[in-house]
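Input: a single structure, listed below in structure tokens.
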Amino acid sequence: MLWYFCGTIVLISKNNMSSMLDVGKWPVFALLPPEELRLVRQACVFGSAANEAIYVTVNDEVFALGTNCSGCLGLGDTQSTIEPRRIDILCGKKIVSLSYGTGPHVVIATADGEVYAWGHNGYSQLGNGTTNHGLTPALVSTNLINKRVTEVACGSHHTIALTTEGEVYAWGYNNSGQVGSGSTANQPTPRRVSSCLQNKVVVNIACGQLCSMAVLDNGETYGWGYNCNGQLGLGNNGNQQTPCRIAALQGINIVQVACGYAHTLALTDEGFVYSWGANSYGQLGTGNKSNQAVPTLINMDKERMVEVAACHTSHTSAAKTQSGQVLMWGQCRGQAVVCPHLTHFTSTDDVFACFATPAVTWHLLSVDGDDYLTVAQSLKREFDSPEISDLKFLVDGKCIHVHKALLKIRCEHFRALLNETDEETIEIHQFSYLVYRAFLEYLYTDTINLPPEDAIGLLDLATYYRESRLKRLCQDTIKRGITEENAITLLSAAVKYEARDLEEFCFKFCVNHLTAVTQTQAFADMDHDLLKNFISKASRYGAFKN
């Protein structure tokens, strides 16, 4: 069966589109300590180099960090900061939608329906009637008094907002008619987009760089603004100063739109996706690079699509299936991917973090407050937890609590051992507590966390239990931790445990740092046969040539 895709640029609802928030994948958060990252509940990464971010904690405090171009962090100044600083005025406001322009400017909607804006304002995109940059979040109130805004969307330098009554308001840059006012004069304060939308109820909005889109409650889709690439889907390339219905979608019930830099995606209520507009990077997913001025089905032999993603700062597209598979296409790290490509990701956010240029977020990242854990996270939490464990290992007088079923699934050694014994406690004598605990934790998490010297003991265990993947991980850990002081010790371990790749790595390190290595105590204490072999091999390598 053929299925097709689409998306939006605001907060995704908390149904099957939700995903666990992991802001650590964005470099701008690299310096945040783990305990701080665990408190993050919402986040947005933006900026010309994805170097600015705003996030909300579990306590509903709002922080910002980054380069602070045009005061877009809302901190009251234009100073860059690598450490998070609190935006006091937004704390406790409960953000429900957030969008950003490329100036950059930032606009949010709160749970109370208020709109705040700050940052670049050269085209009045902050809606305050001026062109002065806003260094702190300011309430956007003109024409919005007694209105409750539920969504906001930004183009490069314009903003649109959706109210609970289904009305759309727009302001800012209007060179192509993107605020829908019927002219090309910039709009300094919010103005209702009427014309064809006058008596209609809008349920979804999105912005491209210089255009705007709206979906009605009856599934009709309207577009206005810049159209030279056909991104309005009207069958022509003429700009539109007021909303125009996309006639080619007549009878098709659209539930969501998303805009890239100059292309548009639309999702139907049946899980099909249409695309139109610019296609020089394959962002329409049609299998070629030809622009399309009318909506075109994206053919894909996949199940129903439930989410797509696009961002007005990039030419990248992504989609998520009902079962959670994620596909991507368009500009992906400089490559043009002209057909939807299945990834190993579990979230469309990962596509933009890893492949978009710049690697910004395509919407406000959010995580449900119910502390949902993935399978991997649940297993990690239960390691060495005595509450529901049914087996414990006694090593160096200390207990390690585990689960028989998991050990049988993950390790052939334990499958054989536990099928032959009903013991609830097993004593281990040949390995240290530190090493054995790291081994058992690896079975729960697929990772190891040991310094290189201790990883030698784990390498011994991996060899003994014939755990080839664990052996490779140990070797990688040891390589990352090699120094002039421990190089001979690590070389000796590699030889002992027949880790040939590691042995060659350590040997070359020793030769390349020969003077310093030969002055260490480890070299003085080196086993005679190993020393003889080392000197012989180093000689053949040319280490002693003048």
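The values are calculated or read from the model by the stated rules, or taken from the named source; none is laboratory data. Just so you know, these numbers come straight off a predicted model, no measurement behind them. Here Cβ is always computed from backbone atoms with ideal geometry, including for glycine, and neighbour counts include all displayed protein chains. Each accessible area value is taken on the protein alone, full model and side chains, heavy atoms only, with ligands, DNA and RNA left out. Shrake-Rupley method; radii C 1.70, N 1.55, O 1.52, S 1.80 Å.
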Q: Count, please, the residues in region 98-120 that happen to be open to solvent by less than 10 Å² (accessible area, probe 1.4 Å) and either free of Cβ contacts under 8 Å to residues at least 24 places away in the same chain or at positive phi (or both).
A: 3
Q: Pull up region 164-175, narrow it to residues that are of a type outside the set (A, V, I, L, M, F, W, C) and within 18 Å of G127 (Cα to Cα), then point me to the one that is most open to solvent (accessible area, probe 1.4 Å).
A: N175
Q) Given the structure, is T321 open to solvent by less than 10 Å² (accessible area, probe 1.4 Å), of a type in the set (S, T, N, Q) and over 16 Å from the mean Cα position of the chain (by Cα)? A) yes
Q | Residues located in region 264-318, provided they are among the aromatic types (F, W, Y) and over 22 Å from the mean Cα position of the chain (by Cα) | A | F272, Y274, W276
Q) Name the strands (runs of 3 or more DSSP E) wholly within region 28-129 that hold at least 2 residues that are of a type in the set (V, I, T)? A) 40-46, 52-57, 81-86, 95-100, 105-110
(Q) Given (1) within 23 Å of S181 (Cβ to Cβ); (2) without any contact (Cβ under 8 Å) to a residue 60 or more places away in the chain; (3) small (G, A, S); (4) open to solvent by 40 Å² or more (accessible area, probe 1.4 Å), identify the lone condition not met by G92. (A) (1)
Q: Only residues that are closer than 21 Å to V395 by Cα, β-branched (V, I, T) and over 36 Å from the mean Cα position of the chain (by Cα): list them for region 436-491, please.
A: T463
Q: May I ask you to list pairs of residues, at least six apart or on different chains, whose Cβ atoms are under 8 Å apart, with the first in region 66-77 being touching a residue at least 60 places away in the same chain (Cβ under 8 Å) and the second being of a type in the set (A, V, I, L, M) and surrounded by fewer than 20 Cβ atoms within 10 Å (Cβ to Cβ)?
A: G71/L135; G74/I89; G74/L135; L75/L135; G76/L135
